1. Output the residue which, of all residues in the range 81-104 that are of a type in the set (A, V, I, L, M, F, W, C) and modelled with pLDDT under 90, is farthest from L57 (Cα to Cα).
2. Say whether the condition of being part of a loop (DSSP other than H, G, I, E, B), surrounded by 11 or more Cβ atoms within 10 Å (Cβ to Cβ), under 23 Å from the mean Cα position of the chain (by Cα) and modelled with pLDDT under 80 is met by at least one residue in the range 31-45.
3. Report, by residue number, each residue of the range 1-30 that is outside any helix (DSSP H, G or I) and at pLDDT 80 or above.
4. Which number in (1) modelled with pLDDT under 75; (2) within 17 Å of the chain's Cα centre (by Cα); (3) under 20 Å from D106 (Cα atoms) marks the one condition that A55 misses?
5. I'd like the full set of residues that are hydroxyl-bearing (S, T, Y), assigned to a strand (DSSP E or B) and within 29 Å of K42 (Cα to Cα), limited to the range 67-112.
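The values are calculated or read from the model by the stated rules, or taken from the named source; none is laboratory data. Predicted model only: the values in this text are computed from it and were never measured. All Cβ positions, even for glycine, are placed from backbone atoms using ideal geometry, and neighbour counts span all protein chains on display.
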Amino acid sequence: MALACRAYFPGWRSFTGMLGRTCPTCNMHQRSRQRLQQANLKTMREFRPMAVIHADLVSPLPEGKSSRNQWGFQYILSIIDSVTRYLWLLPICHKTAEYVATTQFDEVISRVSVLSAILTSGWRIYG
């Protein structure tokens, strides 16, 4: 802006744009302009409480104890219902698929109902 107040020549904007595109130093440090590929959103086919839940694993946290004074819990399994937005936060000790699935079944599925789908963030929390 300060240079534009003091000097000007015809085609200045296109010239500076061309310099920026052809400068090897500028291009070496410039970020990519590629857009991230994102999947298309899909409509929910089933819209009833406790039909579809979302599960995610918050990992590793400092070792703590549960409400039953048991030590060794380093992970939190977060489960949320997609319709009611009801949230479960379950402390777990191990990140193995068997332990996560057992905790999810004992604490959520056996208490509410049979689910139609479990959505995760793409991380491998079940193995």
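1. Here is the first cut: in the range 81-104, the residues of a type in the set (A, V, I, L, M, F, W, C) are 83, 87-90, 92-93, 97, 100-101.
Adding the requirement that they be modelled with pLDDT under 90 leaves 83, 92-93, 97, 100-101.
On the way: V83: 20, I92: 10, C93: 12, A97: 11, V100: 9, A101: 12 Å.
This residue is V83.
2. Quick first cut of the range 31-45, residues part of a loop (DSSP other than H, G, I, E, B) only: 31-45.
Then drop every residue that is not surrounded by 11 or more Cβ atoms within 10 Å (Cβ to Cβ), which leaves 44.
If we keep only those that are under 23 Å from the mean Cα position of the chain (by Cα) as well, we get 44.
So of that shortlist, the ones also modelled with pLDDT under 80 come out as 44.
Yes, some residue in the range 31-45 is part of a loop (DSSP other than H, G, I, E, B), surrounded by 11 or more Cβ atoms within 10 Å (Cβ to Cβ), under 23 Å from the mean Cα position of the chain (by Cα) and modelled with pLDDT under 80.
3. Our first condition is that a residue be outside any helix (DSSP H, G or I); within the range 1-30, this holds for 1, 7-11, 23, 30.
If the condition is that a residue be outside any helix (DSSP H, G or I) and at pLDDT 80 or above, then P10, G11, C23 are the ones that fit.
4. Among (1) modelled with pLDDT under 75; (2) within 17 Å of the chain's Cα centre (by Cα); (3) under 20 Å from D106 (Cα atoms), A55 violates only (1).
5. Pass one, the range 67-112, residues hydroxyl-bearing (S, T, Y): 67, 75, 78, 82, 84, 86, 96, 99, 102-103, 110.
Of the ones still in play, those that are also assigned to a strand (DSSP E or B) are 75, 78.
Selection gives S78 alone.
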